[in-house]
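First up is the structure itself, then whatever we jot down about it.
Where a number appears in this text, it was derived from the coordinates with a stated rule and is not lab data. The structure displayed is predicted, hence computed values, not measured ones. Glycine also receives a Cβ, built like all others from the backbone with ideal geometry; neighbour counts cover every protein chain displayed.
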Amino acid sequence: MPLGGQSLVAHAAQNLLAARAAGDDRVRVLVVTAPAFHLDAIARELDGLDEVVLLVVAGGATRQASVAAGLAALDADPRASDVDVVLVHDAARPLAPASLVVRVIEAVRDGHPAVVPGLPVTDTIKRVAPHRGVTVEPVLETVPRAELRAVQTPQGFARDLLARAHAHGAEHAHDETLAASDDAGLVERLGEPVWVVAGDERAAKITTARDLAVAALPTESDE
Ligand SMILES: C[C@](O)(CO)[C@H](O)COP(=O)(O)O
């Protein structure tokens with residue numbers, strides 16, 4: 001999708017790489033996974049990015065399969081052999097600022113091998129018992145919101161831990177009860193700890209047409 005004249009993935013890529021200007025020089029390999037019919041267009045659009053090894057590869061049918069394809073591309077490229085921290089990001093969060101990228105990388109480097117950005121939840125959250133086709137749902141409980149965080153990307157990982165989490169996820173792909181909606185969820189399934197750092201409202205996910213319209217509004221630039 002275009003936003004302000006360029007694709008969401010181009011925005012996301014530029015903000016990841018802008019982490020260098022914000023004081024971190026380590027974002028130097030960029031793997032983009034996308035539907036096969038978009039690969040050429042994305043490679044052309046991202047061609048001008050400076051000082052980065054760019055790999056554009058076909059994703060899979062699920063988020064998990066796409067990230068696994070990205071990790072395989074990283075493993076196959078000798079220029080990425082010394083990469084030890086991997087960030088997994090959504091093009092659907094195109095305005096995640098460089099300061100957030102740096103925060104996640106630094107937390108991983110400081111000894112937290114799985115780090116996600118998260119924001120406190122401001123709505124009251126209730127757990128319900130959903131049933132297909134039923135429009136009035138029974139409430140099971142109100143979840144204490146002080147304990148909740150709405151989790152964003154980029155999520156940062158020690159590369160070996162992320163590889164292990166994906167190998168375990170692939171082994172259990174047939175078991176829907178073990179499906180994870182983010183990469184940190186796969187790490188949790190291994191029984192390994194995951195840490196949260198402060199998220200950023202600018203990293204909001206674009207899911208609806210309204211989200212896209214909000215993303216087009218002027219925002220404060222990064223500090
Ligand atoms: C990874 C994520 O952005 C964290 O909030 C989210 O889970 C992605 O969900 P999607 O359904 O793959 O867009």
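Key figures for this structure:
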quantity: Which listed residue, of PRO113, PRO35, PRO117, is buried (at least 18 other Cβ atoms within 10 Å of the Cβ) and within 16 Å of the ligand (Cβ to nearest atom); calculated: PRO117
quantity: Given (1) within 18 Å of VAL86 (Cβ to Cβ); (2) among the hydrophobic types (A, V, I, L, M, F, W, C); (3) part of a strand (DSSP E or B), index of the condition LEU119 fails; calculated: (1)
quantity: Residue check, GLU192 away from the ligand (no atom under 14 Å from the Cβ), of a type in the set (Asp, Glu) and loosely packed, with under 15 Cβ neighbours inside 10 Å; calculated: no
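Here's the yes/no breakdown for (1) without any contact (Cβ under 8 Å) to a residue 24 or more places away in the chain; (2) not in a loop (DSSP other than H, G, I, E, B):
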| position | (1), (2) |
| --- | --- |
| VAL86 | no, yes |
| ARG93 | no, no |
| LEU100 | no, yes |
| ARG127 | yes, yes |
| VAL136 | yes, no |
| ALA163 | no, yes |
| HIS174 | yes, no |
